[in-house]
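Notes follow the structure.
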Amino acid sequence: MTLRWWHWLIGGGVALAIVGRATRSRSPQAVLDAVATIDPENALDLQPGAEPAGPGGTWCNKFMDQLMSLLGVPWAPWGQYGTLVNDQIAWVDAGNGGWYPILNAGAAQVAALAGKVVIATYYNLNGHGHIAIVLPIDGVPLQIAQAGATNFNQGSLRLGFGNITPIFYAHD
């Protein structure tokens, strides 16, 4: 078991939290199983407007946190009020936890099929961004799972991101 150590500054003092995450074997099936376990399409806590987000709020960030926890992948730590998706993307983009950029959708699909955990991201400078998991499914178009304005266990990249070209990241 690998352990992640997170330090939070609390009221001028330092509190230490130990978060254990088992390192699981990575495989395409593990990603598919984790998505099926969470089932963003039907999970009540991930539906648009679910509390505490309120009307219009979405939960792609919460889905990613749950998914990475199931997969045993290092992920952006949640603060008292959660971590917004732009914060998660910035954390990944900084190379934290062993994440690294992938060139394009084709390379993302190859990496996912090879058993890497791959995400598609959109960092929005003017509001909330978006994030989804790339599914290890061969074929065109690239398939993702997401929570967001529309939640689904499997759908096209375009269904999740529209005309936005996401940036991809992978974790071994």
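Summary of values
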| quantity | calculated |
| --- | --- |
| Volume of the Cα convex hull of the range 92-172, divided per residue and given in Å³ | 91 Å³ |
| Under 5 Å, built H, 5+ apart or other chain: amide partners of THR58 | GLY49 |
| Convex hull of Cα atoms in the range 24-171, direction-averaged projection (nm²) | 8.1 nm² |
| Residues of the range 115-149 with amide N under 18 Å of a point placed 7 Å along Cα→Cβ from ASP39 | 145-148 |
| Förster radius 25 Å - calculated FRET efficiency between ALA107 and ARG158, Cβ distance, rounded to 0.05 | 0.90 |
| Selection from TRP99, LEU142, LEU46 lying farthest towards where the dipole of the range 36-172 points positive, charges on Cβ | LEU142 |
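Read-outs throughout are calculated quantities, based only on the coordinates presented, and are distinct from any laboratory measurement. Computed from a predicted structure; not experimentally measured. Quick reminder, even Gly has a Cβ in these numbers, built from the backbone with ideal geometry, and neighbours come from all protein chains shown.
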